[in-house]
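Participant: Before I ask anything, here is the structure I am working with.
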Amino acid sequence: MKQVNVFAETETPMELKAGSVKTAEYTIHQTYDLDAMKAQLAEDEKKLAAAVTEDDKKLLWSGVRHMRRKIQSGGINVTLRSVIFHLGDLEMITIPGELFSTFGMEIKKNFNAPMRIVWGYANYSAGYIVEKDEFGKGYESMQTPFLQGEAELYIDHLIKSL
């Protein structure tokens, strides 16, 4: 079997030069709606008790565990720190968590260099950074410590910081 170099046709020299490096910080202080979370927890515990398949049980157990953790914490108080590098033909930003891909593409659209990198799980992880329309649809939205819609505010802040 022949190996194919998918980059051969697009290979172009990249000029790296001293540019700028800066930090963007975004602070979140939120108190959770504990009554709503307790009601959701009770509903999820009923679903877990009635779950039949192992996949359903696994997803629901994860959601119950993370909801208990959120209720216990009462809220979130965190400063997200990203580092933005402008290095000639390369621009890069570090993200302290896991972005949904649409956020990464949105950030890349706002860079100017031909090579653009969005580097997640950099320095530490604050958790999943979930689109507001994806809440309630999967594991990531159950586990994220951030409230629905906060991710969009964070990404807007990063884009303005570029």
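Participant: Residues being touching a strand residue (DSSP E or B) at 6+ places or on another chain (Cβ under 6 Å) and either β-branched (Val, Ile, Thr) or in a strand (DSSP E or B) (or both): count how many of those fall in segment 15-53.
Facilitator: 12
Participant: Select from segment 71-97 the residues that are among the hydroxyl-bearing types (Ser, Thr, Tyr) and within 13 Å of Pro145 (Cα to Cα) and list them in ascending order.
Facilitator: Ser73, Thr79
Participant: Looking only at strands (runs of 3 or more DSSP E) that fall completely inside segment 71-125, which ones have 2 or more residues that are in contact with a helix residue (DSSP H, G or I) (Cβ under 8 Å, 6 or more places away or on another chain) and touching a residue at least 24 places away in the same chain (Cβ under 8 Å)?
Facilitator: 75-87, 115-119
Participant: What's the total number of residues in segment 133-155 that are more than 17 Å from Ile76 (Cα to Cα), touching a Leu at 6+ places or on another chain (Cβ under 9 Å) and part of a helix (DSSP H, G or I)?
Facilitator: Looking only at that region, the number is 2.
Participant: Within segment 75-91, can you find the residues that are over 16 Å from the mean Cα position of the chain (by Cα) and over 28 Å from Met37 (Cα atoms)?
Facilitator: Selection gives Ile84, Phe85, His86, Leu87, Gly88, Asp89, Leu90, Glu91.
A short reminder: the numbers here are calculations on the coordinates, not readings from a lab. Computed from a predicted structure; not experimentally measured. Note that we place each Cβ from the backbone using ideal geometry, even for glycine, and neighbour counts take in every protein chain shown.
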